[in-house]
Amino acid sequence: VLDDVREAARVLATSPGVAAAVPNVGTNVGTALPDATDVADVAAVPGRIYEMGGRVEVPANPEFGASEHVATTILAAMAEVPDRRGAVNLATDDALLDAARSRGLDSMEFEAGYENRGERLVEQFEARETVPEVLYHRGAFGIEPITYVLGETGADAARLAADLIAEAGEE
């Protein structure tokens, strides 16, 4: 799991255009253990991944329990689809969402608030009877608009995110 997050961070750091998709609050990528039930069961990069000088900077090696928001999203996804164990968060961008739609990927908008976010996501996934590859919100007061790209692992999510960013840049 830790190796997968390292691979995902390398994908994000070396893929063209990713730096422009890093939100102001930073990005992160996570992969959960197969039987994850808690934030501590999800590995991510401590301190988040940042854009500096047009480059993606990965400040540390992955650790378990290092990203509450990405982990909460992954755990909610796993409650409905147990093999959806990875996610990366990016800045919400219409071109990125259009690239996902043009690929035929399922996407879902959700409410930005943090309170009970995991529970609210689980309810939406249960109602849909699936977990989309792309989740996004448009932000709220003090909350930056964020898009989550999900995959079987964090590295899968990072590769998909890099592909979507590349496609969005071509539009």
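I need the trypsin sites (Lys or Arg not before Pro) found in the stretch 95-171, filtered to DSSP loop residues with at most 11 other beta carbons within 10 Å of theirs.
none
Normalising by the residue count of the stretch 8-72, find the relative contact order in percent from Cα pairs under 8 Å and 6+ residues apart.
34
Order 36-48, 82-94, 15-27 from most to least packed using the mean count of other Cβ atoms within 10 Å.
Top to bottom by mean Cβ count within 10 Å: 82-94, 36-48, 15-27.
Among rounded, prolate and oblate, which fits the stretch 19-97 when a ≥ b ≥ c are the square roots of the eigenvalues of its C-alpha gyration tensor, a/c under 1.5 means rounded, and a/b larger than b/c means prolate?
Judged from the Cα gyration tensor, the stretch 19-97 comes out oblate (a/c at least 1.5, b/c at or above a/b).
Roughly how many whole Å is it from the C-alpha centroid of the stretch 1-67 to that of the stretch 118-163?
Spelled out, the Cα-based centre of one part sits 15 Å from the other.
Pop a pseudo-label 7 angstrom from the Cα along the beta-carbon direction at both Glu129 and Asp94 and give the gap in nm to one decimal.
3.4
Which order do you get for Ser102, Ser107 if you rank them by accessible area with a 1.4 Å probe, largest at the top?
These residues rank, largest area first, as Ser102, Ser107.
If you work out Rg and Dmax of the Cα atoms in Å from the coordinates, which of (1) 19.1, 68; (2) 14.3, 42; (3) 15.6, 50 do you get?
Identified label for the calculated read-out: (2).
Please give me, ordered by residue number, the chymotrypsin sites (Phe, Trp or Tyr not before Pro) of the stretch 90-159 that lie in loop per DSSP and have at most 14 other Cβ atoms within 10 Å.
Qualifying residues, ordered by number: Tyr114, Phe141.
At Ala140 and Val25, where each label point lies 7 Å from the Cα along Cα→Cβ, what is the point-to-point distance in nanometres?
Between Ala140 and Val25, the simple spin-label model gives 1.1 nm.
Rounded to the nearest 0.05, what FRET efficiency do Val81 and Arg55 give with R0 = 35 Å and r taken as the Cβ-Cβ distance? Could you check?
Approximately 0.55, to the nearest 0.05.
At 7 Å along Cα-to-Cβ for each site, give me the label-to-label distance between Asn116 and Arg10 in nm.
Using points 7 Å along Cα→Cβ, the separation is 4.3 nm.
For the stretch 27-171, what does the accessible surface come to per residue with a 1.4 Å probe? Please give it in Å².
Counting only protein heavy atoms, the per-residue value for the stretch 27-171 is 46 Å².
How large a share of the accessible area of the stretch 72-169, in percent, is made up of carbon and sulfur atoms when the probe is 1.4 Å and the other protein chains stay in place?
45
The values are calculated or read from the model by the stated rules, or taken from the named source; none is laboratory data. Since this is a predicted model, take the numbers as computed values, not measurements. All Cβ positions, even for glycine, are placed from backbone atoms using ideal geometry, and neighbour counts span all protein chains on display. Note: areas computed on protein heavy atoms with side chains; ligands, DNA, RNA excluded. Shrake-Rupley method; radii C 1.70, N 1.55, O 1.52, S 1.80 Å.
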